[in-house]
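What follows is a single structure, and I will ask about it in a moment.
The values are calculated or read from the model by the stated rules, or taken from the named source; none is laboratory data. All values derive from a computational prediction rather than experimental measurement. Cβ coordinates were reconstructed from backbone atoms using ideal geometry, including for glycine residues, and neighbour counts include every protein chain displayed.
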Amino acid sequence: MKKIKNVSLIGLGAIGSAYGSKLHTLLGASFRVVANEERIRRYKSEGLNVDGTVFHFNYILPEAKTEPADLVIFAVKNAELEQAILDMKHHIGPDTIILSLLNGISSEEEIYEATNNEHILYSMCVGIDALRTNNKIRFSSMGKICFGERDQTTSDNIIALRELFDMADIPYEIPENIWHAIWAKFMFNVGVNQTSAVFRASFKYFQEIPALHQWMEQAMYEVVEISKSIGVHLTEDDLRNYRPILMNLAPDGQTSMLQDIEANRKTEVEYFAGKVCELGKKYQIPTPVNDQLYKMITIIESMAKL
Ligand SMILES: NC(=O)C1=CN([C@@H]2O[C@H](COP(=O)(O)OP(=O)(O)OC[C@H]3O[C@@H](n4cnc5c(N)ncnc54)[C@H](OP(=O)(O)O)[C@@H]3O)[C@@H](O)[C@H]2O)C=CC1
Ligand SMILES: CC(C)(CO)C(=O)C(=O)O
């Protein structure tokens, strides 16, 4: 039976630090964080403050030759994935399990195209409201990591990951159909992340202003329509299932996209509205709300550059 004894992670941001801190506590030096010199200097000078506890991880440069890891975790933003895959090349061997915690529906495919690795599990995290300010990360809920095989089998990789997460005390779920779950999460991000970015709204406003909530759901309905043509078949129930999740997020918490806007970073709009509009055109499904969200968010990004 496969056993995960060492793990390498890239992307020590909100999500990577939250789950990475659990893996560091379990595995010590066998949990490695891949980063360039500038990042390592920054991490070493202050440490990573995860919910009040300062962590010093085992850092390794991308060019350092090493044995492949049993598990590689990607926790960067979508636009950073291409470089991150290159930086992880020494850590990915023929038996390495790969987990991508990125939002959106394209990261697993992108990793597969670049690595040809046969052990990529499909995954995403939900219910976590991690907020990063420089080297400080806080969250009111760790949420859970959902993972599975695209063909819905219970492989040795699934069993090995389940065992690791049990030992590390990382909350997880293995949904019956991970691809459906990833699409449902995509639908939520298309709604809440983008709307929060335009209105600069923390979760409190979605929880208390019905008109804002409805506006968000209009963007989500466009994903429901597209999913029917793709064969994923999201339903009204999938949309409704996200209402209690949103209600339970910290009122002063922010989506990862709003955090990007406030920190003047590039957002993931290409992977949310960008993808919805692309698929809408392909399947001739109107996407008026996402068309506007795409325009507004790219304008906000351009304004930040001036
Ligand atoms: N925040 C949240 O609550 C949630 C986020 N997500 C998703 O998770 C993913 C990650 O989001 P989040 O954690 O918020 O993002 P962050 O921006 O907080 O973290 C990304 C981190 O990756 C680092 N990074 C980027 N490229 C490299 C590289 N080549 N080598 C080493 N480090 C690198 C960045 O470092 P630097 O800052 O130095 O550039 C940054 O620390 C996104 O797809 C997001 O949509 C999903 C659920 C919830
Ligand atoms: C909305 C949220 C917090 C849900 O986990 C998320 O996925 C994000 O901010 O990117």
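If you go through region 19-44 one residue at a time, how many are touching a residue at least 40 places away in the same chain (Cβ under 8 Å) and surrounded by fewer than 17 Cβ atoms within 10 Å (Cβ to Cβ)?
Of the residues in region 19-44, 4 are touching a residue at least 40 places away in the same chain (Cβ under 8 Å) and surrounded by fewer than 17 Cβ atoms within 10 Å (Cβ to Cβ).
Same structure again: What do you reckon, is LEU164 assigned to a loop (DSSP other than H, G, I, E, B) and buried (at least 18 other Cβ atoms within 10 Å of the Cβ)?
Values: assigned to a loop (DSSP other than H, G, I, E, B): no; buried (at least 18 other Cβ atoms within 10 Å of the Cβ): yes.
Answer is no for this residue.
So, GLY280, is that one away from ligand 1 (no atom under 15 Å from the Cβ), within 23 Å of MET296 (Cβ to Cβ) and at pLDDT 95 or above or not? Walk me through it before giving the result.
Numbers: away from ligand 1 (no atom under 15 Å from the Cβ): yes; within 23 Å of MET296 (Cβ to Cβ): yes; at pLDDT 95 or above: yes.
So GLY280 passes the test.
Considering only region 136-154, I want to know if a residue exists there that is modelled with pLDDT under 95, of a type in the set (S, T, N, Q) and either more than 9 Å from ligand 1 (Cβ to nearest atom) or under 26 Å from ALA64 (Cβ atoms) (or both).
yes
Just to confirm my filter: which strands (runs of 3 or more DSSP E) fall fully inside region 113-155 and include at least 3 residues that are outside the structural domain of VAL192 (by TED's automatic domain parsing), in contact with a Pro (Cβ under 8 Å, 6 or more places away or on another chain) and under 14 Å from LEU102 (Cα atoms)? Talk me through it step by step, then tell me what you get.
Working: elements: 120-128, 131-133, 136-138, 142-148.
Because the criterion is at least 3 residues that are outside the structural domain of VAL192 (by TED's automatic domain parsing), in contact with a Pro (Cβ under 8 Å, 6 or more places away or on another chain) and under 14 Å from LEU102 (Cα atoms), the strands (runs of 3 or more DSSP E) in region 113-155 that meet it are 142-148.
Take region 46-64 and flag every residue that is β-branched (Val, Ile, Thr) and surrounded by 13 or more Cβ atoms within 10 Å (Cβ to Cβ).
If we filter region 46-64 for residues that are β-branched (Val, Ile, Thr), which is where we start, we get 50, 53-54, 60.
Listed by number, the residues that qualify are VAL50, ILE60.
Among the numbered criteria (1) within 28 Å of GLY280 (Cβ to Cβ); (2) within 16 Å of ligand 2 (Cβ to nearest atom), which single criterion is violated by ILE137?
Here ILE137 meets the rest and fails (1).
Testing LYS228 on (1) buried (at least 17 other Cβ atoms within 10 Å of the Cβ); (2) over 20 Å from the mean Cα position of the chain (by Cα), one condition comes back false. Which one is that?
Going through (1) buried (at least 17 other Cβ atoms within 10 Å of the Cβ); (2) over 20 Å from the mean Cα position of the chain (by Cα) one by one, LYS228 breaks only (1).
Being touching a helix residue (DSSP H, G or I) at 6+ places or on another chain (Cβ under 7 Å) and of a type in the set (Lys, Arg) narrows it down to one of LYS77, LYS89, LYS44, LYS65, so name that one.
Numbers: LYS77 fails: touching a helix residue (DSSP H, G or I) at 6+ places or on another chain (Cβ under 7 Å); LYS89 fails: touching a helix residue (DSSP H, G or I) at 6+ places or on another chain (Cβ under 7 Å); LYS44 fails: touching a helix residue (DSSP H, G or I) at 6+ places or on another chain (Cβ under 7 Å).
Checking each option against the conditions leaves just LYS65.
Can you tell me how many residues within region 232-257 are β-branched (Val, Ile, Thr), within 16 Å of ligand 1 (Cβ to nearest atom) and not in a helix (DSSP H, G or I)? First the steps, then the outcome.
First pass over region 232-257, keeping only residues β-branched (Val, Ile, Thr): 232, 235, 245, 255.
Among the residues that remain, those that are also within 16 Å of ligand 1 (Cβ to nearest atom) are: 245, 255.
From what is left, the residues that are not in a helix (DSSP H, G or I) are 255.
Selection size over region 232-257: 1.
Pick from PHE147, PHE165, PHE206: which is in contact with a helix residue (DSSP H, G or I) (Cβ under 6 Å, 6 or more places away or on another chain) and of a type outside the set (Asp, Glu)? Outline the logic, then answer.
Numbers: PHE147 fails: in contact with a helix residue (DSSP H, G or I) (Cβ under 6 Å, 6 or more places away or on another chain); PHE165 fails: in contact with a helix residue (DSSP H, G or I) (Cβ under 6 Å, 6 or more places away or on another chain).
From the options PHE147, PHE165, PHE206, the qualifying one is PHE206.
Which of the residues spanning region 270-285 are touching a residue at least 40 places away in the same chain (Cβ under 8 Å) and either within 20 Å of GLU217 (Cα to Cα) or not assigned by TED's automatic domain parsing to the domain that holds PHE199 (or both)?
At the first step, the residues of region 270-285 found to be touching a residue at least 40 places away in the same chain (Cβ under 8 Å) are 270-273, 275-276, 279-280, 283, 285.
Within region 270-285, GLU270, TYR271, PHE272, ALA273, LYS275, VAL276, LEU279, GLY280, ILE285 meet the criteria.
Okay, moving on. Can you name the number of the only condition in (1) among the acidic types (Asp, Glu); (2) over 15 Å from the mean Cα position of the chain (by Cα); (3) closer than 21 Å to ALA130 by Cα that GLU80 fails?
Here GLU80 clears every test but (2).
If a residue must be within 19 Å of the chain's Cα centre (by Cα) and of a type in the set (Asp, Glu), how many such residues does region 170-189 contain?
1
With the requirement that a residue be of a type in the set (A, V, I, L, M, F, W, C) and surrounded by fewer than 22 Cβ atoms within 10 Å (Cβ to Cβ), what does region 65-80 give you?
The first filter runs over region 65-80 and keeps only residues of a type in the set (A, V, I, L, M, F, W, C), leaving 69, 71-76, 79.
Passing the criteria: only ALA79.
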